[in-house]
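Contents: one structure, followed by commentary.
The values are calculated or read from the model by the stated rules, or taken from the named source; none is laboratory data. Note that this is a predicted model, so its numbers are computed, not measured. Positions of Cβ are generated from backbone atoms using ideal geometry, with glycine treated the same way; all protein chains shown enter the neighbour counts.
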Amino acid sequence: MEQTVSDELEVVRCTLDLSEPCRLPFRGARNISAPKSETVDLEFRDGKVFQDGREIVLFLSEEQKKGLTKGFEILRLMESTEVPVSAKLLDLFLEREELWPEEWKRDGRGRTLYVFFWGDLFGGLDRNMPFVRCGYWDMVDRKVREDTFWLCDSWNGSHPATVLKKPF
């Protein structure tokens, strides 16, 4: 990862090599997504994150906004309508928690947001069920933490996905 910082503009720029495997969350886990070969340029400015010039935004399905839905339904939506972000970005946030955007910490009701990185799916353990990694802001320790959710679990409005904002 390369990084440049401009103190005058408070902008952080770095490059992520997506061909390098992202961190596995526990022993026995494996990345089951198709291998990636590209690099992406990231920019952190004004409390926002940009990938190759496009803003990374938080996305909720209509079902999540209303109540609960299964992870498999979100995956179907991700594959058909959205451009999800790689868990390599979560790896960066775990190293550089000061880059975690303020708006990704809590929702409008004050609930902790569990922010998911659907660009990488994982498998492993005896459940043999796919899962996704997420990050969240620990208000007590003031740092980014990580968790995982199985696709068979129920997901609600505090479980947004990171996606590239659609061009106008």
Original post:
Can you tell me how many residues in segment 113-137 are at pLDDT 95 or above and exposed (fewer than 15 other Cβ atoms within 10 Å of the Cβ)?
Top reply: 0
Original post:
at negative phi, exposed (fewer than 14 other Cβ atoms within 10 Å of the Cβ) and modelled with pLDDT of 95 or more, is that true of residue 17?
Top reply: yes
Original post:
Of all residues in segment 29-84, which are of a type in the set (Gly, Ala, Ser), touching a strand residue (DSSP E or B) at 6+ places or on another chain (Cβ under 6 Å), farther than 27 Å from residue 12 by Cβ and surrounded by fewer than 19 Cβ atoms within 10 Å (Cβ to Cβ)?
Top reply: 29
**OP:** State yes or no: is residue 10 among the charged types (D, E, K, R) and at pLDDT 95 or above?
**Re:** no
**OP:** Answer yes or no as to whether residue 151 is under 19 Å from residue 89 (Cβ atoms) and either aliphatic (A, V, I, L, M) or surrounded by fewer than 19 Cβ atoms within 10 Å (Cβ to Cβ) (or both).
**Re:** no
Original post:
Within the group 76, 111, which residue is without any contact (Cβ under 8 Å) to a residue 12 or more places away in the chain, over 23 Å from residue 16 (Cβ atoms) and out of contact with any Phe, Trp or Tyr (no Cβ under 9 Å at 6 or more places or on another chain)?
Top reply: 76
Original post:
Does any residue in segment 85-101 that is over 19 Å from residue 165 (Cα atoms) come within less than 6 Å, Cβ to Cβ, of a residue that is in a loop (DSSP other than H, G, I, E, B) six or more places away or on a different chain, and which pairs are these?
Top reply: 91/22; 91/23; 93/100
Original post:
Which number in (1) part of a strand (DSSP E or B); (2) modelled with pLDDT of 90 or more marks the one condition that residue 36 misses?
Top reply: (1)
Original post:
of a type in the set (S, T, N, Q) and on the phi > 0 side of the Ramachandran plot: does that describe residue 128?
Top reply: yes
